[in-house]
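J.: For reference, the structure I am asking about is given below.
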Amino acid sequence: MSSRIRDFDFNDTLLILGVLFAIYVVYLGAGSLLGYSLRGQLNSLARLTFLIAVYGMLALALNLQWGYTGLFNIGIAGFMAVGLYTMAILSKPAASATAGAATVSGLGLPLWVGILGGMAAAAILGLLVALPALRLRADYLAIVTIAMSEIVRFTVTSDQFQQFTLFGKTLGTGGGRGLLLNFTDPLQPLFESGPYTALEGALNPMFGGSIGPVLDSLTYAVILMGFVAAFYWLLKRTGESPFGRVLKAIREDEEVANALGKNTDVFKIKSFMLGCALMGLAGILWQMRQGAITPTSFRPQVTFFVWLALIIGGAGSNTGSVLGAAVFAGALYQGPLYLKNIIRGGIDIPIPVFGHLVFQPPAGAPNTFAGALAPIFSGKLSPMVAYVIGSINALQLVIMGAVLIWIMQHRPEGVLGHRKEEAASIPLTRPGGGSNESQPTPATDGGEEQ
């Protein structure tokens, strides 16, 4: 591998670590302003890391489909649900005879079998979706994927599939009430190990009480970040392989790739299936340790969140996918809630040279949008500000939509821009110097030198 590629990878790693460090510093500062204890600070960092990891995995999987191959998938939540529910049905322990008829059982297979089965089910569903849609225009694939996602969501919440009998076992999705998993936490051996319990015992006095649940959550979030690194490595290797170069050629001009003898339908199906399998795995890791599956978690807005994370970072870039997930989770998903608490708390922030900046909660917030809009015509903005702050949870999607519109107008290529990816992992310049030595390495994606 050339030194140029090694430097590129090293710089990308530093960029990701630098952005994560900056986000963590901001959150620690916000927690200090809000008076969080050390335990509260650790808990907020665990939650933030968990969100960055989940959306990082999903953005990377989507980048394989859209950024590499140009496949428009807006059914991400459906593939996540299929992977998670399949894992639950395969690995959930069988209910005892005294548990009652309302108890939904499982096949009781090992957890690793359930995880592989969930990934396979998501990939097979991707195959079934892709076979008819890929022979039509690209927008038909988007229509089919969002329809599939809604079919999956209504299926898992339907009373018809809440319970069913298969091979003499009472299986099911649990319907709208959700599904209890009832299997042992896969990380329990780690949490009960000697070094881990010793670390927990040493930290308890520092944090003023039992730190076990928070430390467990932080440990799992760090493990998920390891999965993000694995996703990144897998997709980077895929992009540098001959298979990945064909995918990029299909994205740029499918007719040219066909003219070169490549069966583009087969390549697109393989890419779509691999991305769907990774989405299924991300769905499993998302709710595996929560003890229960909540079907309302797979609403269409999850797909919108993943697309927003990818667009922020820039499609076609694995580094951009991770950065976009970090910015989305830190600034757009969790950030407004922190801002709301800071403003409502009337925080006094000392500013060097300029004195103090005091955030005061606006008084008399209207209950309706009409009540907040009317005073604007008379020159009063405070009611609208108070309404926005008080309703920031409900307006979060509006804020995200406004950010998306701004990005598409001013920075459609994402934070990192359109990045040039080399077509090979070895230097393609002529040996022996000459005038060609200084020429840039060819690329397959038509990008401009950054």
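Coordinate-derived values only; no laboratory data. What you are looking at is a predicted structure, and each value in this text was computed from that prediction instead of being measured. Cβ sites come from the backbone with ideal geometry, for glycine too, and all protein chains shown count toward neighbours.
J.: Calculate one ³J(HN,Hα) per residue across region 112-119 by plugging θ = phi - 60° into the Karplus curve 6.51 cos²θ - 1.76 cosθ + 1.60, and present them in order as whole Hz with x for glycine and proline.
T.: For region 112-119, the Karplus-derived couplings read 5, 5, x, 5, 5, x, x, 5 Hz, x marking Gly and Pro.
J.: Could you list Tyr220, Tyr24 so that the one with the fewest beta carbons within 10 Å of its beta carbon is first and the one with the most is last?
T.: Working: Tyr220 22, Tyr24 17.
Exposure proxy ranking, most exposed first: Tyr24, Tyr220.
J.: Calculate, in nm to one decimal, what Ala370 and Glu255 gain on full extension: separation in residues at 0.36 nm each, minus their alpha carbon distance. Don't jump to the answer; show the numbers that get you there.
T.: On the way: separation 115, 0.36 × 115 = 41.40 nm, distance 5.31 nm.
Result for the pair: 36.1 nm of gain on full extension.
J.: Here is a follow-up. Straight-line reach from Lys92: which lysines have Cα under 22 Å away, leaving out those fewer than 8 places along the same chain?
T.: Lys169
J.: Distance between the C-alpha centers of region 229-285 and region 183-203? Whole Å please.
T.: Going from one Cα centre to the other spans 39 Å.
J.: Sorting Val104, Val113 on the 10 Å Cβ count, fewest up front, what's the list? Working shown, then result.
T.: Numbers: Val104 23, Val113 13.
In increasing order of surrounding Cβ atoms, one gets Val113, Val104.
J.: Amide H to amide H under 5 Å from Tyr36: which residues, 5+ apart in sequence or cross-chain, H placed 1.01 Å off N in plane?
T.: Correct list: empty.
J.: OK, next. For the pair Met206 and Phe191, how long in nm is the line joining their label points, each one 7 Å along Cα→Cβ?
T.: 2.0 nm
J.: Please report the Cα spread of region 21-75 along all three principal axes, rounded to whole Å, starting with the longest.
T.: Cα spread of region 21-75 along its principal axes, largest to smallest: 47, 18, 15 Å.
J.: Just subtract the alpha-carbon distance of Asn263 and Phe167 from 0.36 nm times their residue separation and send over the number in nm, one decimal.
T.: Working: separation 96, 0.36 × 96 = 34.56 nm, distance 4.08 nm.
Result: 30.5 nm gained on full extension.
J.: Another question, then. Loop-only GluC sites (Glu not before Pro) in region 118-219, please: DSSP not H, G, I, E or B, and at most 16 other Cβ atoms within 10 Å. Before the final figure, lay out the partial values.
T.: Details: sites: Glu150, Glu192, Glu200; in loops: Glu192.
Filter output for region 118-219: Glu192.
J.: Right, something else. Using the Karplus equation 6.51 cos²θ - 1.76 cosθ + 1.60 (θ = phi - 60°), what ³J(HN,Hα) coupling, rounded to whole Hz, does each residue of region 224-240 give in order, writing x for Gly and Pro?
T.: 5, 5, x, 5, 4, 4, 5, 4, 4, 5, 4, 6, 5, 5, 5, x, 8
J.: Lys248: which lysines have alpha carbons under 30 Å from its alpha carbon, excluding same-chain residues fewer than 8 sequence positions away?
T.: Lys236, Lys262, Lys268, Lys270, Lys420
J.: Quick one: which residues, 5 or more positions from Ile293 or on another chain, have an amide H under 5 Å from its amide H? H modelled 1.01 Å from N in the peptide plane, none for Pro or chain starts.
T.: Leu179, Leu180, Leu181
J.: Which loop chymotrypsin sites (Phe, Trp or Tyr not before Pro) in region 113-213, with loop taken from DSSP, have no more than 12 other Cβ atoms within 10 angstrom of their Cβ? List each step's numbers first, then the result.
T.: Details: sites: Tyr140, Phe154, Phe161, Phe164, Phe167, Phe183, Phe191, Tyr196, Phe207; in loops: Phe167, Phe183, Phe207.
For chymotrypsin sites (Phe, Trp or Tyr not before Pro) across region 113-213 that sit outside H, G, I, E and B with at most 12 neighbouring Cβ atoms in 10 Å, the list reads Phe167.
J.: When the chain is fully extended, how far beyond the present Cα-Cα distance does Ile124 get from Thr184, taking 0.36 nm per residue of separation?
T.: Numbers: separation 60, 0.36 × 60 = 21.60 nm, distance 2.78 nm.
Extending this stretch completely gives an extra 18.8 nm.
J.: Which shape class applies to region 124-201: rounded if a/c is under 1.5, otherwise prolate when a/b exceeds b/c and oblate if not, where a ≥ b ≥ c are the square roots of the Cα gyration tensor eigenvalues?
T.: Note, shape of region 124-201 comes out oblate.
J.: Quick one: if the Förster radius is 22 Å, what FRET efficiency do Ala147 and Arg237 give, using the C-beta to C-beta distance and rounding to 0.05? Numbers along the way, then the final one.
T.: Working: r = 33 Å, r/R0 = 1.49.
The value I calculate is 0.10.
J.: Would you please give the residues with an amide H less than 5 Å from that of Thr170, counting only those at least 5 places away or on a separate chain, with H modeled from the backbone geometry?
T.: Here Ser105 satisfy the definition.
J.: Follow-up. Quick one: compute the contact order of region 33-298, relative version, from alpha carbon pairs under 8 angstrom and 6+ residues apart, as a percent. Write down the numbers at each step before the final one.
T.: Working: 384 pairs, mean separation 98.2, N = 266.
It rounds to 37 percent for region 33-298.
J.: Which FRET efficiency, nearest 0.05, do Leu17 and Thr219 yield, Cβ-Cβ r, R0 22 Å? Let's see the in-between values first.
T.: On the way: r = 19 Å, r/R0 = 0.88.
For R0 = 22 Å, the calculated efficiency reads 0.70.
J.: Quick one: what does P(r) look like for region 33-298 with 10 Å bins over all Cα pairs, in whole %?
T.: In whole percents, the pair-distance histogram is 7, 25, 29, 23, 13, 4, 0.
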